[in-house]
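Structure first, commentary second.
The values are calculated or read from the model by the stated rules, or taken from the named source; none is laboratory data. Computed from a prediction, not measured in an experiment: that's the story for all the values here. Every residue, glycine among them, receives a Cβ derived from its backbone with ideal geometry; neighbour counts consider all protein chains shown.
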Amino acid sequence: MAAYRTVPEFPDDFAFGVAAAAYQIEGAVAEGGRGRSIWDEFCAVPGAIARGETGEIAVDHYHRYRDDVRLMRDLGIDSYRLSVSWSRIQPDGSGAVNAAGLDFYDRLVDELCSAGISPAVTLFHWDLPQALQDGGGWLNRETSFRLAEYTAIVGERLGDRVGMWMPLNEPVVHTLYGHALGVHAPGLSLGFGALQAAHHQLLGHGLSVQALRAVGCGNIGIASNHAPVHPASDAEADSLAADIYDHIVNWTFADPILLGKYPAAELSALLTGPIDDDLAVIAQPLDWFGINYYEPTRISAPQAGEGTAGVLEVDLPPGMPFAPVPFEGVETTDFGWPIVPDGLREILTIFRDRFGSALPPIYITESGCSFHDPDPDSGGRVRDERRIAYHADHLVAVREAMDAGVDVRGYFVWSILDNFEWAAGYRERFGLVHVDYRTLKRTPKDSYHWLRNVLAARRETQVR
Ligand code: FCB
């Protein structure tokens, strides 16, 4: 008897997709005229990435994209969320366009369309061209304008075939891990000084939405990481700490976009530049808002001597007004992330309540789990029941949120293939398809077959 739940029914136009990102899968970092990105540089820093791994080869999607699209077609998904590598399009981050880079995405998009899969394109999934980093990266306001310039180039070329656009992926994670804590590229440890990089990403988002519309592209949103924040206890100090954390990780990123303001004056006071003018640009109306959900956070007031290791991927510097603490008695993925499907229902209803009529339809632009799956057995099977249960439970949570009045239009599984999980390297496997990193052979896992059956059954009820 299967230990997982039945996937509930969703409306016919609810989209099922899979997601991935350029640096995590493409490889071929020195091919096709691609320039260097901050992740190439960061991977070269000794100790930055587990086991010294890099995305140089990754899963070689750059060369094997036809095989990968075939896997997606056979899976039966409606949409594939990919990211474009800025360094392939503009090797120096601005100015001259590299035709070979644009051609690659043109071929990929064509391949998807002929497989009946609608491309959903992220412009910036954390891989800033190194040349822009050398000029200050996201701490330099100019980078926002460069993002819009690059976005327009891609929009013009692919706009006739792309179904969904999102300028940014998870500005919160790029800000905190890349600029505040130094564990992702570009490796800066600026603490609260990182907020300026958040602001410029958000400005880049607004400018890019304008740029996309100017070249005739529509159906524009964002893929933003959100999760409920639970206080560790009823104590006032814990609630206050949780509230501060919630403001930083959730509302600093959603409020400017959906409400045109920062959630607290204390936060915007840390920023420099024409903030009010920028907010007017950031708050471009969106066609949809994408939520990437993985795990809720549990927060307590800081306790003297209490470490945070094992909760985030890194210890917080001393002096923070909050401390993440583990959930008790909650099962985790092999990455150590608590498995709380109801957190997805909860964050969706929090969005409904907080933003009301300012909230456009929602897509779950990422949901997934890492398990250290074994190699295929002698029969070629990879048994990953826990991943099946994970997605089944999270789809139930989405359905519950919809029943509670949240307008959710789709669910993207992170990820189609095992891939390069940033600072954690290749050990964390999120894929529906197993990759043997020695041979690069792809083997669909049980979760792939499960989802294929779910989608096939869905199509059957649709034609009836
Ligand atoms: C998200 C990222 C994505 C992937 C998953 C596991 O934060 O957007 O690239 O690493 O986590």
Could you tell me whether residue 93 is assigned to a loop (DSSP other than H, G, I, E, B), within 16 Å of the ligand (Cβ to nearest atom) and closer than 24 Å to residue 183 by Cβ?
no
Every residue from the range 34-56 that is buried (at least 17 other Cβ atoms within 10 Å of the Cβ) and part of a loop (DSSP other than H, G, I, E, B)
34, 35, 36, 48, 49, 53, 54, 55
Taking first residues from the range 415-435 that are under 9 Å from residue 24 (Cα atoms) and second residues anywhere that are away from the ligand (no atom under 11 Å from the Cβ) and polar (S, T, N, Q), the pairs with Cβ under 8 Å that are 6 or more apart or on different chains are 420/54
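Which of the residues that make up the range 352-375 are of a type in the set (A, V, I, L, M), crowded, with 18+ Cβ neighbours inside 10 Å and either in a helix (DSSP H, G or I) or within 16 Å of the ligand (Cβ to nearest atom) (or both)?
Going through the range 352-375, the residues of a type in the set (A, V, I, L, M) turn out to be 358-359, 362, 364.
With crowded, with 18+ Cβ neighbours inside 10 Å added as a condition, the list becomes 359, 362, 364.
Once the filter is applied, which keeps residues that are of a type in the set (A, V, I, L, M), crowded, with 18+ Cβ neighbours inside 10 Å and either in a helix (DSSP H, G or I) or within 16 Å of the ligand (Cβ to nearest atom) (or both), the range 352-375 yields only 364.
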Just wondering, is there one or more residues in the range 166-182 that are within 16 Å of the ligand (Cβ to nearest atom), closer than 20 Å to residue 298 by Cα, in contact with a His (Cβ under 6 Å, 6 or more places away or on another chain) and among the hydroxyl-bearing types (Ser, Thr, Tyr)?
yes
Extreme residue, nearest to the ligand (Cβ to nearest atom), among residues of the range 380-433 that are out of contact with any helix residue (DSSP H, G or I) (no Cβ under 7 Å at 6 or more places or on another chain), over 17 Å from residue 19 (Cβ atoms) and not in a loop (DSSP other than H, G, I, E, B):
386
If you go through the range 445-464 one residue at a time, how many are surrounded by fewer than 16 Cβ atoms within 10 Å (Cβ to Cβ) and charged (D, E, K, R)?
3
Of (1) more than 16 Å from the ligand (Cβ to nearest atom); (2) more than 23 Å from residue 302 (Cα to Cα), residue 236 satisfies all except one. Which?
(2)
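Of a type in the set (S, T, N, Q) and within 16 Å of the ligand (Cβ to nearest atom): which single residue out of 349, 333 fits that description?
On the way: 349 fails: within 16 Å of the ligand (Cβ to nearest atom).
Testing whether each residue is of a type in the set (S, T, N, Q) and within 16 Å of the ligand (Cβ to nearest atom) leaves just 333.
Looking only at the range 187-220, which residues are part of a helix (DSSP H, G or I) and in contact with an Asp or Glu (Cβ under 6 Å, 6 or more places away or on another chain)?
Here is the first cut: in the range 187-220, the ones part of a helix (DSSP H, G or I) are 191-214.
The one that is part of a helix (DSSP H, G or I) and in contact with an Asp or Glu (Cβ under 6 Å, 6 or more places away or on another chain): 203.
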Subset tally (residues that are assigned to a loop (DSSP other than H, G, I, E, B) and either within 16 Å of the ligand (Cβ to nearest atom) or in contact (Cβ under 8 Å) with a residue 24 or more places away in the chain (or both)) for the range 10-29:
10
Could you list, in sequence order, all residues of the range 113-147 that are farther than 14 Å from residue 40 by Cβ and within 16 Å of the ligand (Cβ to nearest atom)?
120, 121, 122, 123, 124, 125
Among the listed residues 78, 106, 110, which satisfies the condition of being of a type outside the set (A, V, I, L, M, F, W, C), within 20 Å of the chain's Cα centre (by Cα), away from the ligand (no atom under 16 Å from the Cβ) and surrounded by fewer than 22 Cβ atoms within 10 Å (Cβ to Cβ)?
78
Among (1) β-branched (Val, Ile, Thr); (2) within 16 Å of the ligand (Cβ to nearest atom); (3) over 18 Å from the mean Cα position of the chain (by Cα), which single condition is residue 229 missing?
(2)
List pairs: first residue in the range 253-282 and buried (at least 16 other Cβ atoms within 10 Å of the Cβ), second residue at pLDDT below 95 and small (Gly, Ala, Ser) anywhere in the structure, Cβ distance under 9 angstrom, at least six positions apart or on different chains.
261/268; 262/268; 275/268; 279/268
Could you say which residue among 357, 370 is of a type in the set (Gly, Ala, Ser) and closer than 20 Å to residue 417 by Cβ?
370
